[in-house]
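Laboratory data are not the source of any read-out in this text; all were calculated from the coordinates shown. Just so you know, these numbers come straight off a predicted model, no measurement behind them. As a convention, Cβ positions derive from the backbone with ideal geometry for all residues, glycine included, and neighbour counts pool all protein chains shown.
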Amino acid sequence: MTDPIQSQIELYQSADGTVTLGVRTDAESVWLSADQISELFGRDKSTISRHLRNLFADGELEREAVVAEFATTASDGKTYLVVHYDLDVVISVGYRVKSAEGVRFRQWATQVLRRYVLEGVALNEQRLTQIGRIVRVLARSTDELVSGVADVLSGYLPGLQALRDYDDGTIVPPAGDAPTWTLSYADARAVIDHVRAEFPDDHLFGRERGDALRGIVATVYQGFAGRDLYPTVQDKAANLLYLVVKDHPLADGNKRSAAALFVHFLAHNGVLADDLGRSRITNNALAAITLMVAMSDPKEKDLMIALLMRMLAGDGS
């Protein structure tokens, strides 16, 4: 990774006071360059470099997870990208060179990171309060997409705890309903054709790319060891929308088709409306969440699926 981290500098001093290091820190770890590790443990750089190569070659640590490049200003006044290693690497090298300073550094780093966590909790509470105010402002908008975002946040993520879950990427999906209706490829094709009729000038709308659409329908119903991987209506609906948006099974109209299939699937399984007959998801919210899925990183799939399922719960559970 190349300097994506919002880092700060903390000063570390060795027990005898002979070594003082400016240590890069963030909310998750501390980072030292090879030169700093060499200075910390009192070993020449070639020795440290050899141990670094060996610990990665031995598979002790995954390089991508523990290495970052930071922009560093050198003595010549120029800025260079310098490789840094996180706390796990420093501890591993400390064991290999048999240095007691590694234990002291770990204890110091743990205290620094604990302080960062406590400060982060206080900051997060402030940010969540601000988000609540922003949601109320968004809800006043006459723009359908903007007000749809407000629907998503205020209607389906009520309270600070739910907002914190969203901020942390740890939304827990609620329990769902057992399916009573099965979507077939023919059903999906009919829904897409119906939507396509509303956009006669979009000549590529609904044109399939290979068997991708069939594959998505099959994925929604896939199982393993006799168990359904997506056992509830909410599970299947959320994955259906996500896969049609992200896998691009159509030459054009993926987002519109995904939204239509999502609503069609929920309606035929009897969960589109709540007990009072009110739709669990507004048109504005549906448009907003579909665009959120489109803009999301593939690594955020679980978060998007859980958010969709939380929306369908409609009670903030």
Problem - Most to least packed among 178-184, 84-90 [average Cβ atoms within 10 Å] - result: 84-90, 178-184
Completion exercise
Checked the stretch 185-313 with the C-alpha gyration tensor, a ≥ b ≥ c its square-rooted eigenvalues, rounded below a/c of 1.5, otherwise prolate if a/b is larger than b/c and oblate if not; verdict rounded
Fill in the blank from the handout: Simple spin-label estimate for LYS78/SER46, 7 Å along Cα→Cβ, in nm, reads 2.6 nm
Fill in the blank from the handout: Sorted by chain and then number, the residues having a modelled amide H within less than 5 Å of the amide H of ASP252, at least 5 places away or on another chain, are GLY206, ARG207
Completion exercise
Expected vector for the stretch 34-49, Karplus 3J(HN,Hα) from phi with 6.51, -1.76, 1.60 and θ = phi - 60°, integer Hz, x for Gly and Pro, equals 4, 4, 5, 4, 4, 5, 4, 9, x, 10, 6, 5, 5, 5, 5, 4
Exercise for the section: Pop a pseudo-label 7 angstrom from the Cα along the beta-carbon direction at both ARG227 and LYS299 and give the gap in nm to one decimal. Expected result: 2.8 nm
Problem - Filtered trypsin sites (Lys or Arg not before Pro), the stretch 1-97: DSSP coil and at most 13 other beta carbons within 10 Å - result: LYS78
Exercise for the section: With a point put 7 Å past each Cα toward its Cβ, work out how far ILE91 is from GLU208 in nm, to one decimal. Expected result: 5.2 nm
Practice task
Would you be so kind as to identify which of THR25, ALA68, SER92 lies farthest towards the positive end of the dipole of the stretch 8-99, taking Lys and Arg as +1 and Asp and Glu as -1 on Cβ and the Cα centre as origin?
Solution key: SER92
Problem - Karplus-derived 3J(HN,Hα), 6.51/-1.76/1.60, for each residue of the stretch 238-250, Hz, glycine and proline x - result: 5, 5, 4, 4, 4, 5, 5, 6, 8, 8, 6, x, 10
Practice task
Collect residues whose amide H, placed 1.01 Å from N in the peptide plane, falls under 5 Å from the amide H of SER296; neighbours closer than 5 in sequence don't count.
Solution key: none
Practice task
In whole Hz, with x marking every Gly and Pro, tabulate ³J(HN,Hα) for the stretch 52-65 from phi via Karplus 6.51 cos²θ - 1.76 cosθ + 1.60, θ = phi - 60°.
Solution key: 4, 4, 5, 5, 6, 5, 6, x, 5, 9, 8, 3, 4, 7
